[in-house]
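Have a look at the structure below, then the notes.
Nothing in this text is a laboratory measurement; each read-out follows from the coordinates by a stated rule. Source: prediction; values computed, not measured. Don't worry about glycine lacking a Cβ; one is built from the backbone with ideal geometry, like all the others, and counts go over all protein chains shown.
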Amino acid sequence: MQILESERVTKNFGGLAAVSRVDFNVDQGQVVGLIGPNGAGKTTLFNLISGALVPDSGEIRFKGKKISGVKPHQICHGGVARTFQAVHIFGTLSARDNVLLGALFGKSRSVSSADAAQEAMELLDFTGLSAMSATLAKDLTLANQKRLEVARALATQPELLLLDELMAGLNPTEVAQAMEMVTQIRDKGITILMIEHVMKAIMNVCDRIIVLHHGEKIAEGTPQEIATSKTVVEVYLGESAYAAG
Ligand SMILES: Nc1ncnc2c1ncn2[C@@H]1O[C@H](COP(=O)(O)OP(=O)(O)OP(=O)(O)O)[C@@H](O)[C@H]1O
Ligand SMILES: [Mg+2]
């Protein structure tokens, strides 16, 4: 089943076509990568899916229902959560309270505060942050702030999780841990659409990859197909990908 469908979605900023007639589908249960050069329109596409922006034309459907034009909190309650390219956490709240907010305001917001607290502790555990539950979010390392953002997103009980450059700025050990976490989230049955520049991560964890360039989808396929696509190598990956592929 296709959990997410985008049909000729377009978003212009003045004269700039940030996202241009983009068609794609995401199958339920898959990890799909969204790659492309800086300014390709990747984050704009996430903003269109999560409701922060409304497309100028085209349509986005989640579980068969149109979500383009729907308010961000309603899309979140419907089962779509996201993280941000520059982490958006509540710095002066503890790690635990950041996750608690997700649990209280997400899809299952009718849960009791005791259940929400339990859920928050479980997610801190899942993301390896249990020992830091009382630490203020601003005092966590970047890698832990990113895990915290994932924990908060998961607390809203998403069926689709959008990850915008989860690996950016992390060291190789942290990247490996983040890749493991993505796989574990997928194993919970959550579909993942992830923007990433860290090719090792994309190639290893994704079932499929979509490539944007100047707002247009220029390729999609398996990691192997993308790594050896002449078009993708020319505009984004560079010649070294042939050697690696
Ligand atoms: N709110 C906005 N107003 C005007 N232009 C914007 C806005 N948001 C994005 N843009 C422009 O749209 C284009 C696509 O930006 P976007 O942030 O989606 O790219 P990206 O693929 O996420 O790039 P990066 O890999 O650098 O994060 C860029 O040219 C950017 O400057
Ligand atoms: Mg971006």
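Between the helical axis of 172-187 and the dominant principal axis of the chain, each derived from Cα atoms, what acute angle in degrees is found, rounded to the nearest 10?
That works out to roughly 80 degrees.
Excluding L124 itself, what net charge comes from residues whose Cβ is under 13 Å from its Cβ, given Lys and Arg +1 and Asp and Glu -1?
Around L124, the charge tally is -2.
Quick one: Debye curve from the C-alpha atoms of the chain, no solvent, what's log10 I(q)/I(0) at q = 0.09 Å⁻¹?
Here the Debye-derived log intensity ratios amount to -0.37.
Calculate how many DSSP beta bridges within the chain are antiparallel, expressed in % of all such bridges and rounded to the nearest 5.
Antiparallel bridges: around 55 percent, rounded to the nearest 5.
Could you work out the helix-only [θ] at 222 nm for the chain, with each DSSP H run of four or more residues adding -39,500 (n - 2.57) and the total divided by the number of residues, to the nearest 500 deg cm²/dmol?
Result for the chain: -10500 deg cm²/dmol, rounded to the nearest 500.
Nearest 10 degrees, 0 to 90: what angle lies between the long axis of helix 113-126 and the longest principal axis of the chain (Cα atoms)?
That helix lies at roughly 50 degrees to the long axis.
What is the helix-to-structure angle for 142-155, meaning the angle in degrees between its Cα long axis and the longest Cα principal axis of the chain, kept from 0 to 90 and rounded to the nearest 10?
For helix 142-155, the angle is close to 80 degrees.
Using the Kirkwood radius built from alpha carbon pairs, what does the Stokes-Einstein equation give as D for the stretch 1-123 at 25 °C and 0.890 mPa s, in µm² per second?
Rounded to a whole number, D works out at 153 µm²/s.
Pull up the cross-link candidates among the lysines for K138, meaning alpha carbon to alpha carbon under 22 Å and not fewer than 8 places away within one chain.
The reachable lysines, counting only those whose Cα sits under 22 Å from K138, are K146.
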